[in-house]
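Engineer: Questions regarding the structure given below will be posed in turn.
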Amino acid sequence: MRHTLAVMVENNPGVLARVAGLFSRRGYNIDSLAVGRTENPEVSRMTIVVEGDQRVLEQVTKQLHKLVDVIKISDVTTERYVDRELVMIKVSATPSQRGEIMQIADIFRARIVDLGAKSITLECTGNDGKINAFEESLRSYGIKELVRTGKIAMLRGIRYTGVQAQESE
Amino acid sequence: MEITAAEALVKCLEKEQVEVIFGYPGGAILPVYDAFFHSTIKHVLVRHEQGAVHAADGYARATGRVGVCVATSGPGATNLVTGIANAYMDSVPLVVFTGQVPTSQVGTDSFQEVDITGITMPITKHNYLVKDASQLPRIIKSAFHIASTGRPGPVLIDLPKDVAQTMIKFQYPRTVQLRGYKPNYKGHPNKIVEAARLITRAQRPVIYAGGGILNGGASEELLALAEAINAPVTNTFMGLSSFPGDHPLFLGMLGLHGTRAANLAVTNCDLLIALGARFDDRVTGKLAEFAPQAGVVHVDIDPAEIGKNVQVHVPIVGDVKLVLKELLARVEKRNDTSWLDQIQAWKEQYPLHYDPEGKLKPQYVIEKLNEITGGNAMVATDVGQHQMWVAQYYRFKRPGSLISSGGLGTMGFGLPAAMGAQVGMPEQQVVLVVGDGGFQMTMQELATVVEQELPLKMIIMNNHTLGMVRQLQQLYCDSRYMAVNFKFLPDFEVLAKAYGIKGYTLRTNEEVDKLLPEALAQPGAVLINCIVDADENVNPTVMAGKSISEAIDC
């Protein structure tokens, strides 16, 4: 099963290497990893999608906790959450194909971010399923380049997983 | 008043009451050595950086304090790597300082530059590259805290030369602020009650005690628990010396070269009480057949060890000493002796054995050593057959008196570690037992032993071969002995003379009887070269992939 972990870490140099190194040397598979600063500049948030059964997940969590720079780990998959990913896709498009592609973009609520003589670049956000479907529908035009950010996730409702939450509890 | 960060470093060490550091100077660490010039902290100059880190490791194990070592950048730092990994595997508290090239040159492949924080990330509990000199006191304070609390381990601090020379306002922080590091010491009360219930109900309990007992200073509580519930105790290799070796409840070591009594007890027990042990593969053998009938209570300070290798019925994360105290208040005395009778029968049926006749046997030397020292010596070993014979035949009486590389199995560890132990415990009798292979890996430290005037007793189990590998080749490669026999060895007695210390060469039981007591009684360092039978194997032994209940003699 796939789990989405929200990992709050000290915004120290090397923290990404520590986390990535831990996954590789212990043989855990990362599906995706997205990292960025939080509302607190000293804290970064990593969203890690990891594949594995309960035992693997327990070990991943415990081993992550052993890293001094890791402050808090939440498995958002166990609760109600929203997740999003951003994709940018550059497809071949002659002027005559632009119309069709723009219609597809409409359906997926994607946006056109760049237009060239022979290409068109679109951005789209959504969960896994939507991004995959969007990619599929553009495939026939010839995808020249594709980049995905990896998933980010957040709990629904008032519950939150940030560091402040931990401190005020 | 402002001082350099290097001077601040020395002040920090003084604040941490560091008495001795082991090190080797060099270019990038120059400012730090300059600052040491005016310090009262003793510096032990080793002959190779690997010696420094192993010595700091031996010092830490012997004294229970944090071991400190220092090396320069590049090769100085990489020479520490094995020793850091060794300390990490055996949970030994170290603070390791390395010099680094100036910040402006970091990342440019400059002279003697290596990314030591990158290299040691997987083998340190934590590490730091100091970029802001003003942060150094905070970092050192955190490093000592991290190294010595929770599950201990090595922490490395990499200090660029220009940072070391930067002037800072010195103030040593009184507290440590690490929101991501909060070890849990107190076991969960409900789990402790549950464990006590299982223990009281058990018909055939076995206590399986590891190195955590020593790190947690819980030997007394272990003994109290064993006697309270009348349960036999087996030690992991790392746990040896945590339980008296001559106690009637002691089963000896378990696992790959464990006693048959210990392995049979674990295989047949209905409750396994694992205390500060981690179900290592050398202990469990075939995992599916390890303690197959047993409920498992697992007490460990490191939550990640619980449930890692085996399924645990009652997990207790906490300090083993505190948890044992809580348990002791809750368990009831067990009076049923049928299980102990069974254990006694196994002990009598399957004692450790060897044939003392003929060529000198290494086991004989260890038995004599045990007899002469009364099990009270601090024994350091290297890695290999002799290490297992020490584990089997030396009956440790004092907690923490075995200094040996368990997890990593580092050949060359013995001599420098024994040296560090002797530096830390100058009044204690420290005896090194080492093979001719391992001794040659770090024997340059003999010079340090002499220079520091250490009364270290070094026993070389000299069988002219890499015995453990030879044994493996006999078992797994149809006795095709490849690259294990030494065609040339130095005359170790003469070598001792070259270093100005007394040397002995012992070839027979009679010589051991007569000269070993004399050698051990010498006031200074002594090298005792025992020419032992190369055909002797470590028994019992469990073949790869087999259950520990299926040990063989080979």
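Engineer: Quick check on segment B:124-138: of everything there that is surrounded by 21 or more Cβ atoms within 10 Å (Cβ to Cβ) and within 12 Å of chain A (Cβ to nearest Cβ), which residue is nearest to B:Val81 (Cα to Cα)?
Structural biologist: B:Thr124
Engineer: If I filter segment A:108-121 for residues that are assigned by TED's automatic domain parsing to the domain that holds A:Val9, buried (at least 17 other Cβ atoms within 10 Å of the Cβ) and among the hydroxyl-bearing types (Ser, Thr, Tyr), do I get at least one hit?
Structural biologist: Within segment A:108-121, not a single residue is assigned by TED's automatic domain parsing to the domain that holds A:Val9, buried (at least 17 other Cβ atoms within 10 Å of the Cβ) and among the hydroxyl-bearing types (Ser, Thr, Tyr).
Engineer: Let me ask you something else. Consider B:Ala421 against the criteria (1) free of Cβ contacts under 8 Å to residues at least 12 places away in the same chain; (2) touching a Phe, Trp or Tyr at 6+ places or on another chain (Cβ under 8 Å); (3) closer than 27 Å to B:Gly500 by Cβ: it satisfies all of them except one. Which criterion is unmet?
Structural biologist: It is condition (1) that B:Ala421 fails.
Engineer: Can you give me the number of residues within segment B:266-298 that are within 14 Å of chain A (Cβ to nearest Cβ), buried (at least 20 other Cβ atoms within 10 Å of the Cβ) and not basic (Lys, Arg)?
Structural biologist: 2
Engineer: Within segment B:358-366, is there a residue that is without any contact (Cβ under 8 Å) to a residue 40 or more places away in the chain and outside any loop (DSSP other than H, G, I, E, B)?
Structural biologist: no
Engineer: Here's another thing I want to ask about it. Looking only at segment B:32-72, which residues are surrounded by fewer than 21 Cβ atoms within 10 Å (Cβ to Cβ) and not hydrophobic (A, V, I, L, M, F, W, C)?
Structural biologist: B:Tyr33, B:Asp34, B:His38, B:Ser39, B:Thr40, B:Lys42, B:His43, B:Arg47, B:His48, B:Thr63, B:Gly64, B:Arg65
Engineer: Something else about it: Exactly one condition in (1) assigned to a loop (DSSP other than H, G, I, E, B); (2) within 14 Å of another protein chain (Cβ to nearest Cβ); (3) touching a residue at least 40 places away in the same chain (Cβ under 8 Å) is not met by B:Pro315; state its number.
Structural biologist: Answer for B:Pro315: the failing condition is (1).
Engineer: Right, something else. For segment B:226-240, enumerate the residues that are of a type outside the set (Phe, Trp, Tyr) and crowded, with 24+ Cβ neighbours inside 10 Å.
Structural biologist: If the condition is that a residue be of a type outside the set (Phe, Trp, Tyr) and crowded, with 24+ Cβ neighbours inside 10 Å, then B:Ala231, B:Pro232, B:Val233, B:Thr234, B:Asn235, B:Thr236, B:Met238, B:Gly239, B:Leu240 are the ones that fit.
Engineer: Can you tell me which residue in segment B:166-180 is nearest to the chain's Cα centre (by Cα), limited to those that are surrounded by 14 or more Cβ atoms within 10 Å (Cβ to Cβ) and touching a residue at least 40 places away in the same chain (Cβ under 8 Å)?
Structural biologist: So, considering only residues that are surrounded by 14 or more Cβ atoms within 10 Å (Cβ to Cβ) and touching a residue at least 40 places away in the same chain (Cβ under 8 Å), the one nearest to the chain's Cα centre (by Cα) is B:Tyr172.
Engineer: Check segment B:100-113 and report whether any residue there is assigned to a strand (DSSP E or B) and surrounded by 24 or more Cβ atoms within 10 Å (Cβ to Cβ).
Structural biologist: Taking every residue of segment B:100-113 in turn, at least one turns out to be assigned to a strand (DSSP E or B) and surrounded by 24 or more Cβ atoms within 10 Å (Cβ to Cβ).
Engineer: Please enumerate the residues belonging to segment B:318-354 that are within 16 Å of B:Asn268 (Cα to Cα) and in a loop (DSSP other than H, G, I, E, B).
Structural biologist: Within segment B:318-354, B:Thr337, B:Tyr350 meet the criteria.
Engineer: Let me ask something additional. Cβ contacts < 7 Å: first residue under 18 Å from A:Asn132 (Cβ atoms), restricted to segment A:98-110; second residue hydroxyl-bearing (Ser, Thr, Tyr), any location; separation 6+ or different chain. Result?
Structural biologist: A:Ile101/A:Tyr141; A:Ile104/A:Ser137
Engineer: Of all residues in segment B:421-461 being more than 20 Å from the chain's Cα centre (by Cα) and under 20 Å from B:Gly374 (Cα atoms), which is surrounded by the fewest Cβ atoms within 10 Å (Cβ to Cβ)?
Structural biologist: Filtering segment B:421-461 for residues that are more than 20 Å from the chain's Cα centre (by Cα) and under 20 Å from B:Gly374 (Cα atoms), the one surrounded by the fewest Cβ atoms within 10 Å (Cβ to Cβ) comes out as B:Glu427.
Engineer: For segment B:463-545, which fully contained helices (runs of 4 or more DSSP H) count at least 2 residues that are in contact (Cβ under 8 Å) with a residue 24 or more places away in the chain and farther than 28 Å from B:Lys286 by Cβ?
Structural biologist: Counting at least 2 such residues, we get B:492-498, B:509-521.
Engineer: Still on this model: Could you check segment B:347-361 and list, in sequence order, the residues that are in contact with a Ser or Thr (Cβ under 9 Å, 6 or more places away or on another chain) and under 17 Å from B:Cys530 (Cβ atoms)?
Structural biologist: Across segment B:347-361, the qualifying residues are B:Lys359, B:Leu360.
Engineer: Does A:Ser92 fit the bill of being touching a Gly at 6+ places or on another chain (Cβ under 8 Å), outside the structural domain of A:Asn11 (by TED's automatic domain parsing) and either acidic (Asp, Glu) or surrounded by fewer than 16 Cβ atoms within 10 Å (Cβ to Cβ) (or both)?
Structural biologist: yes
Engineer: If I filter segment B:212-220 for residues that are surrounded by fewer than 16 Cβ atoms within 10 Å (Cβ to Cβ), more than 22 Å from B:Asn370 (Cβ to Cβ) and not assigned by TED's automatic domain parsing to the domain that holds B:Arg138, do I get at least one hit?
Structural biologist: yes
Engineer: Just to confirm my filter: which helices (runs of 4 or more DSSP H) fall fully inside segment B:1-82 and include at least 2 residues that are polar (S, T, N, Q)?
Structural biologist: Here the list reads B:49-63.
Engineer: For the subset of segment B:186-204 comprising residues that are surrounded by 16 or more Cβ atoms within 10 Å (Cβ to Cβ) and either among the aliphatic types (A, V, I, L, M) or touching a helix residue (DSSP H, G or I) at 6+ places or on another chain (Cβ under 6 Å) (or both), which member is nearest to the other protein chains (Cβ to nearest Cβ)?
Structural biologist: Of everything passing the filter in segment B:186-204, B:Gly187 is nearest to the other protein chains (Cβ to nearest Cβ).
Engineer: Would segment B:378-393 turn up any residue that is crowded, with 23+ Cβ neighbours inside 10 Å, more than 30 Å from B:Ser549 (Cα to Cα) and of a type outside the set (Asp, Glu)?
Structural biologist: yes
Engineer: From B:Ile301, B:Ile306, grab the single residue that is without any contact (Cβ under 8 Å) to a residue 12 or more places away in the chain and either touching a strand residue (DSSP E or B) at 6+ places or on another chain (Cβ under 7 Å) or crowded, with 17+ Cβ neighbours inside 10 Å (or both).
Structural biologist: Being without any contact (Cβ under 8 Å) to a residue 12 or more places away in the chain and either touching a strand residue (DSSP E or B) at 6+ places or on another chain (Cβ under 7 Å) or crowded, with 17+ Cβ neighbours inside 10 Å (or both) holds for just one of B:Ile301, B:Ile306, which is B:Ile306.
Engineer: Check off (1) in a helix (DSSP H, G or I); (2) within 15 Å of B:Lys347 (Cβ to Cβ); (3) touching a residue at least 40 places away in the same chain (Cβ under 8 Å); (4) under 24 Å from the mean Cα position of the chain (by Cα) for B:Asp246 and give me the number that stays unchecked.
Structural biologist: (1)
Engineer: Check B:Phe396, B:Phe413 and return the single one that is among the aromatic types (Phe, Trp, Tyr) and under 17 Å from B:Gly83 (Cα atoms).
Structural biologist: That would be B:Phe413, the only listed residue that is among the aromatic types (Phe, Trp, Tyr) and under 17 Å from B:Gly83 (Cα atoms).
Engineer: I've got another one for you. With the requirement that a residue be small (Gly, Ala, Ser) and closer than 21 Å to B:His386 by Cα, what does segment B:228-253 give you?
Structural biologist: B:Gly239, B:Ser241, B:Ser242, B:Gly245, B:Gly252
Engineer: If you don't mind, there's one more thing I want to ask. So B:Arg334 clears everything in (1) within 14 Å of chain A (Cβ to nearest Cβ); (2) surrounded by fewer than 20 Cβ atoms within 10 Å (Cβ to Cβ) except one condition, right? Which one?
Structural biologist: The number of the failed condition is (1).
Engineer: Restrict the check to segment B:140-150 and report whether at least one residue is more than 30 Å from B:Ser241 (Cα to Cα) and either in contact with a strand residue (DSSP E or B) (Cβ under 6 Å, 6 or more places away or on another chain) or of a type in the set (A, V, I, L, M) (or both).
Structural biologist: yes
Engineer: Based on this model, can you work out whether B:Arg151 counts as within 11 Å of chain A (Cβ to nearest Cβ) and crowded, with 18+ Cβ neighbours inside 10 Å?
Structural biologist: When the stated conditions are applied, B:Arg151 passes them.
Engineer: So which of B:Asn79, B:Asn86 is in contact with a helix residue (DSSP H, G or I) (Cβ under 7 Å, 6 or more places away or on another chain) and within 18 Å of B:Ile157 (Cβ to Cβ)?
Structural biologist: B:Asn79
The values are calculated or read from the model by the stated rules, or taken from the named source; none is laboratory data. Keep in mind it's a predicted model, so treat the numbers as computed, not measured. All Cβ positions, even for glycine, are placed from backbone atoms using ideal geometry, and neighbour counts span all protein chains on display.
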